[in-house]
Amino acid sequence: MLKVLTYNIQHGVDHLHRLKTNEMVVNLDSIVKIIKSVDPDVVTLNEIYDSAKFGNQTKYIADKLGYYYYFGKAIFLHGGNYGNALLSKYPLVNPEVIAIPDATLKEEDVYYESRAMIKASVIKDDIKYNIFSTHFGLAKEEQNNGTRLILSLVKDLDNVIFMGDLNFTPDDKNYLEISKVLKNTVDQEVKTFKSHNPTDRIDYIFISNDLDVLEGEVLNIVFTDHLPVYAKIVKEGK
């Protein structure tokens, strides 16, 4: 069994405090406490910094947890690197960052940002799990590009776990395209954003059809602006 968690941490900003005071307070120790309470084997974190202003957040969180870690830069922002992170109780095998192609048309009235995906493997109980961690863009063209990329990467793989903030809802065509190849682990009706009053489901854990879900849920833990998503996954027939 492999326990996994995906969490957009908004670089550790206390969301409720910000709503009340408009003050941005970063508290990574609260993120560490939340992850400890869930005790996942593997966790992906979105919106995380490695910068002079905010510090190496991936290393800080991983060191507090005693996990292996890998930071995947997507962009340079506010004087430092910014992107996604993958943390694991088990060594990360061949981790790498794969850029998601940028939008070219930019016809939508949304914020555009280069995005990336982490690819790595984790071995537990002699099973090699192929992990993909990402944060898709806001524009449909960006999401289309991300969907095409993940489907091309997983087409010949077993034991796939794909997770992150995908910025689309379950009625979106990209959700439907991914669902033809991978299965969602948590009831699609349960919302994840914004955490204090969730109205949208945009955070997911998908797995390949050779894996089964023992348990999957959106956790009602309000700290950042997203709710974390958790799943217990087993190899089919094991």
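The values are calculated or read from the model by the stated rules, or taken from the named source; none is laboratory data. What you see is a predicted model, and the numbers here were worked out from it, not measured in a lab. Every residue, glycine as well, gets a Cβ built from its backbone with ideal geometry; the counts of neighbours run over all protein chains shown. Remember, those area values only see protein heavy atoms, side chains included, never the ligands or the DNA or RNA. Shrake-Rupley method; radii C 1.70, N 1.55, O 1.52, S 1.80 Å.
So here's what we get for this one:
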| item | result |
| --- | --- |
| Segment Glu107-Leu153, length gained on full extension (0.36 nm per residue, minus Cα span) | 13.8 nm |
| Bins of 10 Å, starting at 0 and running to the largest distance - Cα pair percent for the chain | 8, 34, 40, 16, 2, 0 |
| Added length on full extension, which subtracts the Cα-Cα distance from 0.36 nm per residue, Val25 to His196 | 59.9 nm |
| Whole-percent carbon and sulfur share, accessible surface of the chain, 1.4 Å | 48 percent |
| Inter-probe distance in nm under a simple model that places probes 7 Å from Cα toward Cβ, at Val213 and Ala52 | 4.5 nm |
| The chain: relative contact order as a whole-number percent, Cα under 8 Å and 6+ apart | 20 percent |
| Within the stretch 40-87, trypsin sites (Lys or Arg not before Pro) in DSSP loop having at most 13 other beta-carbon neighbours inside 10 Å | Lys53 |
| DSSP-loop trypsin sites (Lys or Arg not before Pro) across the stretch 86-192, with at most 11 other Cβ within 10 angstrom | Lys155, Lys180 |
| Amide hydrogen neighbours beyond the local backbone of Ile9, cut-off 5 Å, H modeled | Asn46 |
| Probe 1.4 Å, accessible area per residue of the stretch 79-238, Å² | 43 Å² |
| Efficiency of FRET from Cβ geometry, Asn220 and Ser114, R₀ 30 Å, rounded to 0.05 | 0.40 |
| Residue-span extension gain [Asp39 to Asp125] - 0.36 nm each, minus C-alpha spacing | 29.2 nm |
| Percent antiparallel among DSSP beta bridges (both partners in the chain, rounded to 5) | 85 percent |
| GluC sites (Glu not before Pro) lying in DSSP loop within the stretch 45-115, provided at most 10 other Cβ fall within 10 Å | Glu107 |
| Glu177-Val93 pseudo-label distance in nm [points 7 Å out on the Cα-to-Cβ vector] | 3.0 nm |
